[in-house]
Amino acid sequence: MKRETVVVLDFGGQYNQLIARRVRECNVYCEIYSYKTDIQTIKDIQPKGIIFTGGPNSCYEPDSPTYTKEIFELGVPILGICYGAQLMMHLLGGKVEKAPVREYGKIEVNVDTNSKLFTNVSPKTICWMSHNDYISKAAPGFEISAWTNDCPVAGMENTDKNLYAIQFHPEVLHTQEGTKMLSNFVYNVCGCAGDWKMDSFVEDSIRSIREKVGSGKVLCALSGGVDSSVAAVLLSKAVGNQLTCVFVDHGLLRKNEGDEVEAVFGPEGPYDLNFIRVNAQERFYSRLAGVEEPEEKRKIIGEEFIRVFEEVARKIGAVDFLVQGTIYPDVVESGVGGESTVIKSHHNVGGLPDYVDFKEIIEPLRYLFKDEVRKAGLELGIPDYLVFRQPFPGPGLGIRIVGEITAEKVKMVQDADAIWREEIAKAGWDKKVNQYFAALTNMKSVGVMGDERTYDYAIALRAVTTTDFMTAESAEIPWEVIGKTTSRIVNEVKHVNRVLYDCTGKPPATIEME
């Protein structure tokens, strides 16, 4: 599908996804590419604009990430952010050096409101700074457009060549008018029309899937989560009864979830889907026995999923395509596309085995962020209670159990999680937090119950608020809710004698435990 695109060129910054997400909030499509991507690939995309991300390096060091100067001659508007701004100045003849005063956090920035980048921005605005180096001298042809007390070149521009650079991060919420600045870049500078909307995405996707599949048979990996549910309904609208949805109950689901998924998508549910449920609990437990390392667990679960699907496909006969609910953060966090470090292998991206017995894998949501998936679901007519249900990872409770997985541990997590979710809902906090769950730590500690010594496990409760699931803050759940949950868990869940509350945000933690 041809659409106007802004390219985010990633130099290892932690906010690469966030930049792309903010651009898409402006109704402009955006994709992330590594700085190692060759210039011809960028040319072939014919981007309306390019954004250089931040990064942890010093651009003047010999081994630091860089790019060919040819990119500045393409006639495409470019915005450099933090390291990206410094690299632009370094390559074009400016000077970057160690800052005499390191800036970090919320800083008041003075901006020239005559700049296209700062149209309708306050002359003094709060921005998020995070840098050890600074631009001591702008490159020839550039005029300074923003500054602070300690950073004389916080923003600069060469309007003749449509090159813009800023030292701060407009993509984070701490920059009060950051979204306005990015909107100014994509509309005022790049001249984008803003054609990235969910109604057109759904319509285009259905058409392109029909063309790709033709008369072939399609198998959909349906977990019952938001992503796979939207993918299933999208495929159903595209190819009808050529689609078979396979729900693998791997024994790592939440309490009663297998039956709930079948009730929605099975023969008695509202959707006319070919639905097959595979009860494979023992098979997964056997493969995972003795495995403690999180990445290994993810990869085992991912491979076993595929093997189950292949077996079902052989029974159905001549299945051509496998559908997965992969979304864009899965792709980027698995180290595909951008330059950031691999955070975790997602079972449907980095967890795939080398050989897969299907003609092709279809991932219709591969370039959508979570909130875009929800919008697509609403466009498809999926009920709100399904679209806005709690996110649940593909590997399930396998990554909410730290260390080895056993059937006994799974039951402990299921019971504790059900209690936590029930108490959160009773207190009305299910509408205030974006994700909440219980996880089993690998820690055992001494306790006393009924005047007897115990030596049992600790459950960790988690609840976060987030807008995009790329950054998150721990929710300040009232103590009475945590206290009641704790009391119920230690009394109702066997082999648990301690409950902890996870106060860590993302970053430095991820939302899930593993």
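Numbers at a glance
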read-out	value
Computed [θ] at 222 nm, helices only, for the chain once each DSSP H run of length n ≥ 4 contributes -39500 (n - 2.57)	-9500 deg cm²/dmol
Peptide ranges 156-167, 51-62, 438-449 listed from the most packed, as the mean C-beta count within 10 angstrom indicates	156-167, 51-62, 438-449
Count of Lys pairs (Cα-Cα under 27 Å; at least 8 positions apart or interchain) in region 402-489	11
Gain on full stretching of the segment that runs from Asp38 to Lys506 - 0.36 nm per residue minus C-alpha separation	165.3 nm
Overall form of region 47-150 per C-alpha gyration tensor (a/c, 1.5; a/b vs b/c)	oblate
Integer Hz, Karplus 6.51/-1.76/1.60 couplings in order for region 180-196, x for Gly and Pro	5, 5, 5, 4, 4, 5, 6, 9, 6, 9, 7, x, 6, 8, x, 9, 8
Of all DSSP beta bridges in the chain, antiparallel share, percent nearest 5	50 percent
Förster radius 51 Å - calculated FRET efficiency between Ile45 and Glu292, Cβ distance, rounded to 0.05	0.75
Whole-Hz ³J(HN,Hα) from phi, Karplus 6.51 cos²θ - 1.76 cosθ + 1.60, for region 495-507, glycine and proline x	6, 10, 10, 8, 10, 10, 10, 7, 9, 8, x, 10, x
Carbon + sulfur, % of accessible area of the chain - ligands and nucleic acids excluded, 1.4 Å	47 percent
Per-pair calculated FRET efficiency, R0 = 25 Å: Thr467 and Leu378 via Cβ, rounded to 0.05	0.90
Cα gyration tensor, region 37-78 - rounded (a/c under 1.5), prolate or oblate	prolate
Residues with amide H under 5 Å from that of Asn274, placed H, sequence gap 5 or more	Cys245
Filtered GluC sites (Glu not before Pro), region 366-424: DSSP coil and at most 16 other beta carbons within 10 Å	Glu404
Å² per residue, accessible surface of region 246-335 at 1.4 Å	41 Å²
Candidate aspartates and glutamates - alpha carbon under 20 Å from Lys217, same-chain residues fewer than 8 apart omitted	Asp272, Glu310, Glu311, Asp320, Asp357, Glu360, Glu363
Heavy-atom accessible area per residue - region 385-514, 1.4 Å, Å²	45 Å²
Positive minus negative residues near His131 (Lys, Arg vs Asp, Glu; Cβ under 9 Å)	-1
Distance histogram in 5 Å bins (all Cα pairs of region 105-203, percent per bin)	3, 13, 22, 23, 18, 10, 5, 4, 2, 1, 0
Rg(Cα) / (2.2 N^0.38 Å) computed for the chain, rounded to two decimals	1.06
Net +/- balance of residues flanking Val291 in space, Cβ distance below 13 Å, scoring K and R +1, D and E -1	-3
Axial C-alpha extent at least 18 Å, average Kyte-Doolittle at least 0.0 - helices from the chain (DSSP)	226-239
Under 11 Å, Cβ to Cβ, from Asn442 - net charge with Lys/Arg +1 and Asp/Glu -1	-1
Amide N of region 1-33 lying under 12 Å from the label point, which is placed 7 angstrom from the Cα of Glu360 along Cα→Cβ	1
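The values are calculated or read from the model by the stated rules, or taken from the named source; none is laboratory data. Remember, it's a predicted structure, so these values are computed and weren't measured experimentally. When we count neighbours, we look across all protein chains shown, and the Cβ atoms used for this are built from the backbone with ideal geometry, even at glycine. Ligands, DNA and RNA are excluded from the accessible area calculation, which covers all protein heavy atoms including side chains. Shrake-Rupley method; radii C 1.70, N 1.55, O 1.52, S 1.80 Å.
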